[in-house]
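Notes for the one structure printed next.
Derivation of every value follows stated rules applied to the coordinates shown; laboratory data play no part. Since the structure is predicted, the reported quantities are computational estimates derived from the model, not experimental observations. For neighbour counting, all protein chains shown are included, and Cβ atoms are generated from backbone atoms with ideal geometry for every residue, glycine included.
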Amino acid sequence: MKIAIEGCMHGDLDNVYKTIQHHEQIHNTKVDLLLCCGDFQAVRNEKDMDSLSVPIKYREMKSFWKYYSGQEVAPVPTIFIGGNHEASNYLWELYYGGWAATNIYFLGYAGVVKFGNLRIGGLSGIYKGRDYRSGHYERPPYNQSTIKSVYHVREYDVHKLMQLEEPLDIFLSHDWPVGITDYGDSRTLIQQKPFFQEEIEAKTLGSKPAAQLLEKLKPRYWFSAHLHCKFAAAVQHGNDGSVTKFLALDKCGPGKKFLQIIDIESEPGPFEVIYDEEWLAITREFNSVFPLTQRPASFSSAAMDIQESREWVRKKLEERQFKPFEFVKTVSAYNPSQRIFDPIPEIPQNPQTLSLLELLGLPYLLDSSPVTGERTAIPASPVRTDFQTYSEEIPIDDDTDEIEDIPEAEGDNIPQ
């Protein structure tokens, strides 16, 4: 199977797809899947801009709205995770995962799916210690604090991923696992990014939860973005001989190493996204302790009969051939000739999420108030959106980029 991996999308879908098609024409080949490692910016219309965590001067409609509206259809099946520059209101609708547009699948805040016989997992967001043990208390419309904290990784989602026992082929995270620089050419990395040196030496560059997941899950491949540079590594796990090949990529921009095409052994196609039985069983077991306030989850009160839940889930999934529910638009798409002036944001219940929860026999909780547990009231006044002094500002470029081959990780170069 031929897979394209992309770093920070920054909403530039058109450019990424054109680059892939150019590669296909030059090499007379076909890319089967595109994996995006965050900052996807699934902005559907002007209202979503109020939930997009980027400085106001970088707020543009970009091109996702064309795929959401159906004006364009993704030419390559696409799976993505969230980063730290997202229209978080839309991703919250699809917390459990689902089609963000036709042929474009969001893995959820945490999730696992299968594509052909490949098993692909992912964790959205970035790690910030102060929010890690909090529940998912943020709701749209966001203020200047929650528009950032909403994309901070939570222990609840990591804990669910830590329950996985079956092997993973690929894992996606936006920020790097902490310590990954020990397994690659960190000297060259520091030459390119001197300000990384202090964090590398202090073992603080990256995500602690991602490192825990890397140690536990041991996927064949791990792909990341966030730090706006290309970096390859190979992690050997203990004495069992298994190795995780790690690759981080740059943001989409001129001259950036943002796209990689690799071949992964797989069964012959056709390929499609299907639900993962083990993951949905874990989701079913832990939904009863889904933390919806700032208080952390109490995992001790969760039922833990995953095997029984798997058998129950399997019967349900067999009825629909394990296929995810179909894409449904929940808001109007951007229209360049017509502006939206309604200041009151929507918190729609996405039919895909409703259908999945009904399939799993679970209640819908995503519009519950962090305090009362009742449906959230929407204030009439819009949220202030002046983010000129935003400390995590990342400039966004618009031009075409190049493709480079992934260096094969040599076993002799792996630190013992």
Length released on extending from Tyr364 to Asn28, taking residue separation times 0.36 nm less the Cα-Cα span: 116.3 nm
Exposure proxy ranking, count of Cβ atoms within 10 Å, fewest first, for Val73, Val54: Val73, Val54
Net +/- balance of residues flanking Ile200 in space, Cβ distance below 13 Å, scoring K and R +1, D and E -1: -2
Cα-Cα P(r), the stretch 238-289, percent of pairs per 10 Å interval: 14, 21, 35, 27, 3
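Defining a contact as two alpha carbons under 8 Å apart and six or more residues distant in sequence, what relative contact order in percent does the chain show?
22 percent
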Environment charge at Ser173 (Cβ cut-off 13 Å; Lys +1, Arg +1, Asp -1, Glu -1): -2
Computed E for Lys18/Ile56 - FRET, C-beta separation, R0 41 angstrom, nearest 0.05: 0.90
For the chain, convex hull volume per residue from C-alpha positions, Å³: 149 Å³
Overall dimensions of the stretch 1-135 by Cα: Rg and Dmax, Å: 15.0, 49
12 Å beta-carbon shell around Glu265, net charge (K/R +1, D/E -1): -1
Length gained when the stretch Ile347-Glu311 is fully extended (0.36 nm per residue, less Cα-Cα span): 9.6 nm
Reachable lysines, given that their alpha-carbon falls under 18 Å from the alpha-carbon of Lys230 and they are not under 8 places away in the same chain: Lys193, Lys245, Lys251, Lys256, Lys257
Relative packing of 30-36, 113-119, 333-339, 277-283, which averages over residues the other C-beta atoms within 10 Å, highest first: 277-283, 30-36, 113-119, 333-339
